[in-house]
Protein chains: 2
Amino acid sequence: MGDAGGVTATDLTETERSTLHRKKERGSHERDLVDAILDEGLVAHVALTDDRGPLVLPMVYARVDDRLYLHGALANHLLRTATGGAPVCVEVTLIDGLVLARSAFHHSVNYRSVVLFGEAVLVDDLDEKCAAMVALVDHLVAGRSGGTRLPTDAELRKTAVVRVPIGEGSAKVRTGPPIDDDEDLELDVWAGVVPVATTFGEPEPDSGRPVGLGVPHHVAALTPR
Amino acid sequence: MGDAGGVTATDLTETERSTLHRKKERGSHERDLVDAILDEGLVAHVALTDDRGPLVLPMVYARVDDRLYLHGALANHLLRTATGGAPVCVEVTLIDGLVLARSAFHHSVNYRSVVLFGEAVLVDDLDEKCAAMVALVDHLVAGRSGGTRLPTDAELRKTAVVRVPIGEGSAKVRTGPPIDDDEDLELDVWAGVVPVATTFGEPEPDSGRPVGLGVPHHVAALTPR
C-alpha cells in the first residue's frame, strides 16, 4: 500500500481533507485500488450536512468510469435540501477479516475502504439516468440488466439518481495477522485472523408467473464479495 | 414493521429528523429491533461535520445497554475537532438479500438498518474505557475477551473511545420478494431474492508462539451474521 506505487492522471486528488493523517502506510490514492473496492462493495454510506447536523444513510450505487451513481432515499433528501450541488462524503467499506490478538488492545479488523468527497448532483438527463439504472442493477449482479425490462421514461422521472465525481478522496487497507506486543507472544491465547466475506445463498424464486424458469447463469455465477 | 407494535420507555425518540418520511411502513422506533440490528452488525458508519463539510468513516463499535461505544480513527478526529460533545450520526446496515425483479426499476435490496443521532462524548474514565474495550472485542466475537490479556492503563490512555447515547433515531427494514408491476409478471425473466450473509472462513492461526493451540470454541462457534 501507500503512495509510492506511481501516480497517474486518474489517481485521486490529495487535498487537505483527503490527506491521510493516521497509519499512512495503510492509505492510498491509487485509482485501481479505489475502483476495485467500489466495484466490490454492495452499499455505500453517504453523508451530508443539513440544518439539523450530519446525516448518513445507506444507498445502492454503481461506478461508471469516473462517476459514482447513487440511488435511494437520500437522493430524495438531497432533492429536497440541495438545489445545486450538495457537498457529500461517500464511504464504501469491505470487511475482510476479524483480527484476533492475544491482547484485547490489539484486536482489529482487516478491511478495505474508500472515502470520497464531492458535490452530489441530481441527474436530470433521461439517457444518463437510464444508463445509471442499468449500471446500478449490474452492480448488484453482473449481467443482470440484460434480460430485464428496461426503465420507461415515466419510471425514470420518478426516480432520483445522484452523481458524485470520483476525484477527491482516499483508500485505506488493513491486511495481515494481529500485531501483538513481544511480551504477549508467549501467552496461552489463540491468535489469528478469521476471514470474513459477503456470501450469497440459494436463490429463492418469486412465486407466481411464469412457472418453471431456471435460475439464470448470472445469478448462479455469483461469488463471494 | 411499523410503530404499531407498542412503545416502551426505551424505544427511540421520534424527532423531526428521525421521523420516517419515505416508506414509513418499513420504519420502526422499537428498541428490540434497534438493539438486534446493532448487535448483529460489525462496523458502524459514523458521520460528523467539520469545517470542511460532512465526513463519514467506518468504526468498530459495541452496544452496552443504552450506549454505543465507538473506536477507530474517527475517535481521534473527534478528539481533535470537538472539545465537548460533537453531533454525530451513526448508521449500521445489514444486507439480507438482493431483490431481483423482472423490471430494472424494481430491483432492490433487503436490509435492516439503524440510524442514530446524538452527541459523541470522549470517554475519559479508565474503568468505563476498559469495559468499552472488552465490549468491543466481544462484539467482534462473542466470548472473545475472556481469554485475552486485558488492557493496561497505559493502553487505555492512548486509545480514543467515544460514547453515543442510543436515544434518537430509527430502524428501517425491507424484507420479502420483488414487487413488480402486474403487467411485468408474465415476462420471461427469472425474479426472486438471493440471500446475502456475512460469513466467516477457516480461522488462520498466527504464526509463531505458542505452537499447537487449538481454535477456541468462541471462534469455532462463529455463525453467519
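Ordering B:Gly27, B:Ala191, B:Thr175 by Cα displacement along the dipole of the protein assembly as shown toward the positive end leaves B:Gly27 in first place; charges were set at the Cβ atoms of Lys, Arg (+1) and Asp, Glu (-1). For the stretch B:101-225, rounded, prolate or oblate, judged on the Cα gyration tensor with a ≥ b ≥ c (square roots of eigenvalues), a/c < 1.5 rounded, else prolate if a/b > b/c? Oblate, because a/c is 1.5 or more while a/b does not exceed b/c. Taking other C-beta atoms within 10 angstrom as a stand-in for reagent exposure, A:His218, B:His45 fall in the order A:His218, B:His45, fewest first. Rounded to the nearest 20, the Cβ-based charge dipole of the stretch A:78-169 about its Cα centre (Lys and Arg +1, Asp and Glu -1) stands at 380 debye. Quick note on the protein assembly as shown: its Rg to Rh ratio, both from C-alpha atoms and Rh being the Kirkwood radius, is 0.96.
Which residue, B:Thr159, B:Thr148, B:Thr93, has the most motion in a Gaussian network model of chain B that connects Cα atoms within less than 10 Å? Between B:Thr159, B:Thr148, B:Thr93, it is B:Thr148 that shows the largest mean-square fluctuation.
When B:Glu204, A:Glu202 are sorted by how many other C-beta atoms sit within 10 angstrom of their C-beta, beginning with the fewest, the order is A:Glu202, B:Glu204.
Over chain A, DSSP H runs of length four or greater, each weighted -39,500 (n - 2.57), average out per residue to a 222 nm ellipticity of -5500 deg cm²/dmol. Treating each Cα of the stretch A:24-178 as one equal point scatterer and applying the Debye formula with no solvent, the log10 of I(q)/I(0) at q = 0.08, 0.13 Å⁻¹ comes out as -0.26, -0.65. Relative contact order, whole percent, for chain B stands at 25, derived from Cα pairs under 8 Å and 6 or more residues apart. Residues A:Arg112, B:Arg63, arranged from fewest to most other Cβ atoms within 10 angstrom of their Cβ, appear as B:Arg63, A:Arg112. Contact order, relative form, for the stretch B:78-183: 35 percent (alpha carbon pairs under 8 Å, 6 or more residues apart, mean separation divided by residue count). Once the GluC sites (Glu not before Pro) in DSSP loops with at most 14 neighbouring Cβ atoms within 10 Å are cut out of chain B, the longest remaining piece is B:17-185.
A short reminder: the numbers here are calculations on the coordinates, not readings from a lab. Just so it is clear, the model here is predicted, and its values are computed rather than measured. When we count neighbours, we look across all protein chains shown, and the Cβ atoms used for this are built from the backbone with ideal geometry, even at glycine.
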